[in-house]
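The values are calculated or read from the model by the stated rules, or taken from the named source; none is laboratory data. No experiment lies behind these values; they were computed from the predicted model shown. Cβ placement follows ideal geometry from the backbone for every residue including glycine, while neighbour counts extend to all protein chains displayed.
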Amino acid sequence: MSDELETQTYRVTRADLIRYCGASGDFNVIHWSDRLATKVGLPGVIAHGMYTMALAGRAVTTWAGAPDAVVEFGVRFSRPVPVPDTDEGTEVQVSGVVKEVTEDGLTKIALTATCNGEKVLSMATATIRKR
Amino acid sequence: MPLDPSFVGRSWPPTEPYLVGREKIREFARAIGATNPEHHDPEAARAIGYADVVAPPTFPVVVTMAAGNQIVSDPALGMDYSRVVHGDERFAYARPVVAGDSLVCVNRVEEITQRGGHDFITTRTDVTTEAGEPVVTVWSKLVQRGES
């Protein structure tokens, strides 16, 4: 594993958020209604923080090459991810850098997730165990 | 109204068991676009040593978010959920969640603070099987924005 991990790009549309509402059980109105999202001061519908974290988790799984490698995973939600009601939606990019490989076989990764050039996750780290 | 600081250190009785279904894991994996065969195909999961399909890393939130209602819906805490945003989330895994697991959550409030007119609450949820095997511990920080 090299120090810089290959940046992963994920497209996010309104349909993805609706699907995530159903799959996760989080039906907060700010994830599906522009009318109610703008009422509470948001620019419009935003992605679930946990959806963005799930995409970061996909990146970690991809880098690890195994679906069960993650032993620790934490993020701070620093900015919302607005998802316009268009065919294209928006894009989240997840990059990672290996910070440390411990003697007992753990790899510590610092993650960055951006949308429109702004950091949407900060202080994001994952620790993976290679098989 | 600020959150009641006397909740710090409080814990709740274990939640009713949540039985993790294979189709729920598949549905969650599809929703986040996770295509690894081990999330969808029991044979592929067995090939890497699990009894059934393996959940993606953030799947435990399906279980812990529902369990967290124990805390946030307590009127004595004083939370106005319409002003709440998610601050931080962290998972420490003993192993991945696997279809067939019957999971129990024990919630605890670790910290309540105030800064810049906002309230912060950090909860810790220990997720185990009904038999008591540790699966994952989840920390969640929620921010209740100040009334403007």
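Conditions tested, residue by residue: (1) under 19 Å from B:ASP52 (Cα atoms); (2) of a type in the set (D, E, K, R).
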{"position": "B:ASP80", "(1), (2)": "no, yes"}
{"position": "B:GLY87", "(1), (2)": "no, no"}
{"position": "B:PHE91", "(1), (2)": "no, no"}
{"position": "B:ARG95", "(1), (2)": "yes, yes"}
{"position": "B:ASP101", "(1), (2)": "yes, yes"}
{"position": "B:VAL109", "(1), (2)": "no, no"}
{"position": "B:GLN114", "(1), (2)": "no, no"}
Counted residues in the stretch B:6-36 being more than 22 Å from the chain's Cα centre (by Cα) and away from chain A (no Cβ under 11 Å) come to 1
Pairs needed: first member in the stretch B:7-22, within 17 Å of B:CYS105 (Cβ to Cβ); second member anywhere, polar (S, T, N, Q) and surrounded by 15 or more Cβ atoms within 10 Å (Cβ to Cβ); C-beta distance under 8 Å; at least 6 residues apart or different chains. B:SER11/B:ASN107; B:TRP12/B:GLN70; B:TRP12/B:ASN107; B:THR15/B:GLN70; B:THR15/B:ASN107
Please go through the stretch A:32-80 and give me each residue that is farther than 21 Å from B:ALA44 by Cα, charged (D, E, K, R) and touching a residue at least 24 places away in the same chain (Cβ under 8 Å), ordered by number. A:ASP34, A:GLU72, A:ARG76, A:ARG79
Condition test on A:THR38, is it more than 7 Å from chain B (Cβ to nearest Cβ) and at pLDDT 95 or above? no
Subset tally (residues that are farther than 15 Å from A:ALA23 by Cα, touching a strand residue (DSSP E or B) at 6+ places or on another chain (Cβ under 9 Å) and of a type outside the set (Gly, Ala, Ser)) for the stretch B:20-59: 7
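Yes/no per residue for (1) surrounded by fewer than 17 Cβ atoms within 10 Å (Cβ to Cβ); (2) within 16 Å of B:HIS86 (Cα to Cα):
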site	(1), (2)
A:VAL40	yes, yes
A:VAL45	no, yes
A:LEU55	no, no
A:ALA59	no, no
A:ALA64	no, no
A:ASP68	no, no
Collect the residues in the stretch A:74-86 that are more than 10 Å from chain B (Cβ to nearest Cβ) and either closer than 16 Å to A:ARG11 by Cβ or surrounded by 18 or more Cβ atoms within 10 Å (Cβ to Cβ) (or both), keeping them in residue-number order. A:VAL81, A:PRO82, A:VAL83, A:PRO84, A:ASP85, A:THR86
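Of these, A:VAL71, A:VAL60, A:VAL29, which one is at pLDDT below 95 and within 13 Å of chain B (Cβ to nearest Cβ)?
The match here is A:VAL29.
Which of the helices (runs of 4 or more DSSP H) contained wholly in the stretch B:37-148 include at least 2 residues that are touching a residue at least 12 places away in the same chain (Cβ under 8 Å) and within 9 Å of another protein chain (Cβ to nearest Cβ)?
Numbers: elements: B:42-47, B:60-67, B:69-72.
Counting at least 2 such residues, we get B:60-67.
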Among the residues of the stretch A:97-109, write down those that are more than 14 Å from chain B (Cβ to nearest Cβ), within 30 Å of B:THR123 (Cβ to Cβ) and either surrounded by 16 or more Cβ atoms within 10 Å (Cβ to Cβ) or in contact with a helix residue (DSSP H, G or I) (Cβ under 9 Å, 6 or more places away or on another chain) (or both). A:THR107
